[in-house]
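Structure first, then comments.
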Amino acid sequence: MSNHAPVERSVILGTGSALPARRVSNAELSETVDTSDEWITERTGIKFRHIAGPDETTSTLAIDAARAALDAAGLAGSDIDLIVLATATPDNTFPATATKVQAAIGMTGGIAFDVAAVCSGFLYALSVADSMLRTGMGKRALVIGAETFTRILDWEDRGTCVLFGDGAGAVVLGLETAAESDAAPRGILATQLHADGRHYDLLYVDGGPSTTGTVGKVRMKGREVFRHAVVNLAEVMEQVMKPLGLTSADIDWVVPHQANARILDATARKLGLPPQKVVITVDQHANTSAASVPLALDTAVRDGRIKRGDLLVLEAMGGGLTWGAAVVRY
Ligand code: UT7
């Protein structure tokens, strides 16, 4: 009978992350920006962010995170068939930053490309890589979120420049076969993605190769993004859990996009999730866009909060608007 048929799932074999060397406090920022530690802490929960120096780029951070994830998985670059890298701040307009990572880790064949879904980028990349593995396009994938978002900030706009930081996070996925009767199968159990382009101008960059020919700066209607975030994130988390017969009570850890501690609190409250089940790193890293979910995941794996067998919900929302969630047994 089909309930004993083997099921292939993408399992997280290892995680890694990387941060620029320079760590900047709210107090240091307030020396050059008209802001205060009190305002930033109260409105966002952010205390520090890392800012990339001239020798640090999206690809250098991505390569460091990828190497750490490969080490954790006990694999080499040559074991990887596919790289999907999420970023809104590629090294160059083209080629894809993923191909720089590919060359650096010694992977000479296979597939490498970038996806652009800003802060939801890692959820999009994870879902794409999972689908590609399960449809036979490879056995092992590196999924990376990497950003140097501080390069596209308007340092005159205190409403945005205090919110973001740079970094990268990566996971190695490997296809594993489990019996469908397995009560607690490992791996990606479900993903849900959404986009609503009617809200393009709530969070965007006012430049690009096809419009201004410049790189541009981040523009955001913060309050409106906030309002959409709480509603959409609570909704997508319910959507991704429900078909699996799961409720918040079954979840060990939520690994959310780290935009604002108030969004994390409000979303957890809406779902009846105790705050102790939510991984929070926004205080240390600020909003690192596509890097934020894998960076938070790697942080919580390495400090021992997330253990093998734990049931996780990853979620994110960002420019587009785009949003998504995944249920993963680590
Ligand atoms: O990753 C993608 C998703 N992005 C997000 O999730 C961001 C969502 N939005 C937010 O997190 C919040 O809307 C912000 C943190 C961006 C802003 O918080 P807010 O409570 O919505 O503040 P506000 O923009 O309405 O501004 C309130 C006040 C204003 O002053 P007045 O007009 O009330 O006198 C601002 O000028 O705070 C002022 N303000 C600041 N003051 C000190 C804005 N930025 C700053 C600042 N320092 N950095």
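The values are calculated or read from the model by the stated rules, or taken from the named source; none is laboratory data. Treat the numbers as computed from the prediction; the structure is a model and nothing was measured. No Cβ is skipped: glycine too gets one built from the backbone with ideal geometry, and neighbour counts run over all protein chains shown. Accessible surface areas use protein heavy atoms only, side chains included; no ligands, DNA or RNA. Shrake-Rupley method; radii C 1.70, N 1.55, O 1.52, S 1.80 Å.
Name the residue, out of Arg269, Arg305, that is under 27 Å from Asp71 (Cβ atoms), charged (D, E, K, R) and either out of contact with any Cys (no Cβ under 8 Å at 6 or more places or on another chain) or not assigned by TED's automatic domain parsing to the domain that holds Leu123 (or both).
Arg305
Just give me the residues in segment 287-330 being assigned to a loop (DSSP other than H, G, I, E, B) and more than 27 Å from Ile152 (Cβ to Cβ), in sequence order.
The answer is Asp303, Gly304, Arg305, Ile306, Lys307, Arg308, Gly309, Asp310, Tyr330.
Residues in segment 242-255: is at least one within 9 Å of the ligand (Cβ to nearest atom), part of a loop (DSSP other than H, G, I, E, B) and without any contact (Cβ under 8 Å) to a residue 40 or more places away in the chain?
Looking through segment 242-255, none of the residues is within 9 Å of the ligand (Cβ to nearest atom), part of a loop (DSSP other than H, G, I, E, B) and without any contact (Cβ under 8 Å) to a residue 40 or more places away in the chain.
May I ask you to list the residues in segment 19-68 that are closer than 30 Å to Ala103 by Cα, among the basic types (Lys, Arg) and not in a helix (DSSP H, G or I)?
Arg22, Arg23, Arg49
Applying the selection to segment 24-59, what residues are without any contact (Cβ under 8 Å) to a residue 40 or more places away in the chain and over 20 Å from Arg158 (Cβ atoms)?
Passing the criteria: Gly53, Pro54, Asp55.
Only one of (1) over 15 Å from Ala290 (Cβ atoms); (2) open to solvent by less than 40 Å² (accessible area, probe 1.4 Å); (3) away from the ligand (no atom under 16 Å from the Cβ) is not met by Phe94, so which one is it?
Result: Phe94 passes all but (2).
Looking at (1) in contact with a helix residue (DSSP H, G or I) (Cβ under 9 Å, 6 or more places away or on another chain); (2) open to solvent by less than 50 Å² (accessible area, probe 1.4 Å); (3) away from the ligand (no atom under 16 Å from the Cβ); (4) outside any strand (DSSP E or B), can you tell me which one Gly16 breaks?
(4)
State whether the residues of segment 183-202 include one that is under 20 Å from Cys161 (Cα atoms) and crowded, with 16+ Cβ neighbours inside 10 Å.
Looking for residues that are under 20 Å from Cys161 (Cα atoms) and crowded, with 16+ Cβ neighbours inside 10 Å, one finds at least one in segment 183-202, hence yes.
Of all the residues that make up segment 214-241, how many are open to solvent by less than 70 Å² (accessible area, probe 1.4 Å) and away from the ligand (no atom under 15 Å from the Cβ)?
5
Quick one: which of Gly309, Gly319, Gly304, Gly272 is of a type in the set (Gly, Ala, Ser), under 24 Å from Glu42 (Cα atoms) and open to solvent by 10 Å² or more (accessible area, probe 1.4 Å)?
Gly272
Kindly establish whether Arg43 is within 14 Å of the ligand (Cβ to nearest atom) and more than 30 Å from Val328 (Cβ to Cβ).
Yes, satisfied.
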